[in-house]
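Since the structure comes first, as structure tokens, the remarks are kept for the end.
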Amino acid sequence: MGDHPRMSQFPSVNFTSTGRGLFSTEEILELMRGECDRARRYAYPLVLLRVCVDRLEQLGDLYGYESRERVLEEVGGVLCSVTRESDMLGCIIDSQFLALFPHTPAEAGRALAERLTQAAGRLAFHQGVAEVKITLSVGIALREAGVGAQLEELFSESAQSLELALAAGGNRAEVYSAPARSLTSAMKAVPADLEEIGAMLDSMLSERVQAMFESVGQKVPDFGGHEQEVLARAVKKMEEERELLVSQHREEMDTLSRRMEKLAEGLEITEEELRQALAHQGFDPGVASLYRTVQGLGAEDADEDLKRAMMSKIFEANLELKEERGEAGQPG
Amino acid sequence: MSQVPTEESPESAKEGPAEPEAGVLYVGIDLGTSRTSVAASNGVRVTLASFVGYPKDVVSKKLLKQDVLYGDDAIEHRLSLDLYRPLEHGVLKVTSEVAAENEGNLRASRDLLVEAIRRARPRRDELVYAVIGAPAQASITSKNAIIDIARECVDSVMLCSEPFAVAYGQDMLDDVLVIDIGAGTVDLCRMHGTMPEDTDQITLETAGDSVDANLAELIRENHPGAQFSEKMLKEIKERHSSVAEVMQPILVTLPVAGKPTEFDLTAEIQAACRSIVPPIVDGLGQLVGSFDPEFQERLKDRVLLAGGGSQIKGLDLAIEREMVERLGGGKVSRIEEPLYGGANGALKIAHDMPEEFWERLK
């Protein structure tokens, strides 16, 4: 790889026993971007492989970190052995390798991935008495000649195809294929008969209504083809009931809010009284108020008229006493 | 104007009155022969023995470090004091032929009242309006004497009948007979929905002091060698007084020629305490008999027992039994707080009295 025109700009990592280096993540991405630009400009095909060692983490857990490193080194060696010097190899987050093959058509790319998995299958690691088999999963992203290649798209497609390979059990290569287009886009693409679509929707609606009745164990009534109208009325009724419930809840909330405000007012008054009581350092008018109530000195009184008359009598008796004392106190 | 030492004004008092009665301390006073009880509208309630003592000489004054001693303090140090009990039969002792004695009692009465008001803790900026309970049939002279000394320490004062105050405090204003047993007098009052008049009230002198006198006489008769003082006798009575039919033996240790000796005073105490029952029922009979015949039964069934003397064990039942025998029936109930019944009622009267009345009596 040291012959690559731009490779000398990056310090390569001596990773493999063959003496060929692998680019770091930043380096390989930079190189790939340049290669994509050239592929678009000169209209040549590209293949991007994303390679992953199956169950590498478990291997590391079972046999230690050094075993894991040995496996990666051997796989890196295999990658180097099946690729040309003009191809670009790099690693991302350790356990995955990226390999970009310029001037490589789709069939060649698939064959390359196949060779890679087969070569890895021949690798064998001995850990004590145990022999550990190595398998690879490969995600493939392709661009035919003349189809514009964007690095981000290739990168994403290779990741998705690798996920497919891993999900299928590993030890295989998967090619990225675009998902089926949506119904909307299909409708846009294919001019459709609106009446036919309307009939289809009516049928779906009818089935849906039927399923609803069956789900609650009731016989499906005959709507006479007026399912939409029935549904509209049902929805209207439900909305009315919902409005009623909302209204009731709102009233309850209003009542609760008013009660909370009233309690808060009472709390403020009590807190103020407590504050004043504490400020008086034990001389507590609050206690006096309570005492007056306990002693029956409150404002409410059933015998108010009688008591007023009695107070007048007591006053008159005392006034008489005062006047007598005044007269007695007069000189002469 | 009040001469009573007062508390410092709290912060809120400076903010201005929030209620009509703000700035006024209402006080109810039961100025009793044995105890003076005070209830005030600020929640203070206090009772003290109606004794006032002045150091006999410079030595005792230096020893006691006070010019005047009150209540139990005064009784405790009585040997170093000129001790006064300024009330007798519920009124001031100002009728002695000895002028110096009258003067001493008046001074003691004034000091006692000043102390009672001080213990109600009026603030410096508060007007003090007091209602003082007086025996139902106290003389004009006695009433004037109380008012004269009270005006020196409160801003406005009124007197009212003690048994009426008790009934008013209990909110029992209609068809009730009140028995207020004090040390000096037993006051009976008939409440019938109007202000009781003289004919509705009876004052008896067969009260707590007469029980003491009877007990002393019985002990002297039955146990000639036993030595005791008035204070010892009062303590024995207050601890063991009972008129119950069945009671535990009352064993009391009294000195005989300097030697502590145990005496069984069960019979003496029972007899002395029972001595007040017949006069009370006599009085009840008078009040019931002169009442509207249609309401006599109801009146007999609503008898209220109050005052320190009502704490004699079994007294309510003893009066009931006597009423059954002599009046054909009756129902007697004790009030919950015998010592404060009069003061609480007087406080309630003070509180209910219109402001203008207080103003006019200033």
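A few notes on this one:
- Considering the range B:166-219, the qualifying strands (runs of 3 or more DSSP E), each wholly inside and each with 1 or more residues that are at pLDDT 85 or above and within 11 Å of chain A (Cβ to nearest Cβ), run over B:174-181, B:186-192.
- Which numbered condition B:VAL157 misses (of (1) more than 25 Å from B:ASP282 (Cβ to Cβ); (2) assigned to a loop (DSSP other than H, G, I, E, B); (3) within 14 Å of another protein chain (Cβ to nearest Cβ); (4) in contact with a helix residue (DSSP H, G or I) (Cβ under 8 Å, 6 or more places away or on another chain)): (2)
- Residue, nearest to the chain's Cα centre (by Cα), within the range B:336-357, restricted to residues that are open to solvent by less than 10 Å² (accessible area, probe 1.4 Å) and among the aliphatic types (A, V, I, L, M): B:ALA343
- Scanning the range B:294-333 for residues that are aliphatic (A, V, I, L, M), touching a strand residue (DSSP E or B) at 6+ places or on another chain (Cβ under 9 Å) and open to solvent by 20 Å² or more (accessible area, probe 1.4 Å) turns up just one, B:LEU317.
- Test: B:ASP67 is surrounded by fewer than 24 Cβ atoms within 10 Å (Cβ to Cβ), of a type in the set (Asp, Glu) and part of a loop (DSSP other than H, G, I, E, B): yes
- Taking the criterion of being within 11 Å of chain A (Cβ to nearest Cβ), modelled with pLDDT of 80 or more and open to solvent by 10 Å² or more (accessible area, probe 1.4 Å), the residues of the range B:115-146 that qualify are B:ARG121, B:ARG123, B:LYS143, B:ASN144, B:ALA145.
- Count of residues meeting criterion [in a loop (DSSP other than H, G, I, E, B), touching a residue at least 40 places away in the same chain (Cβ under 8 Å) and of a type in the set (Ser, Thr, Tyr)] in the range A:67-125: 3
The values are calculated or read from the model by the stated rules, or taken from the named source; none is laboratory data. This is a predicted model, so every value here is computed, not measured. Methodologically, a virtual Cβ is constructed for each residue, glycine included, from the backbone with ideal geometry; neighbour enumeration extends over all protein chains shown. Surface areas here come from the heavy atoms of the whole protein model, side chains and all, with no ligands, DNA or RNA. Shrake-Rupley method; radii C 1.70, N 1.55, O 1.52, S 1.80 Å.
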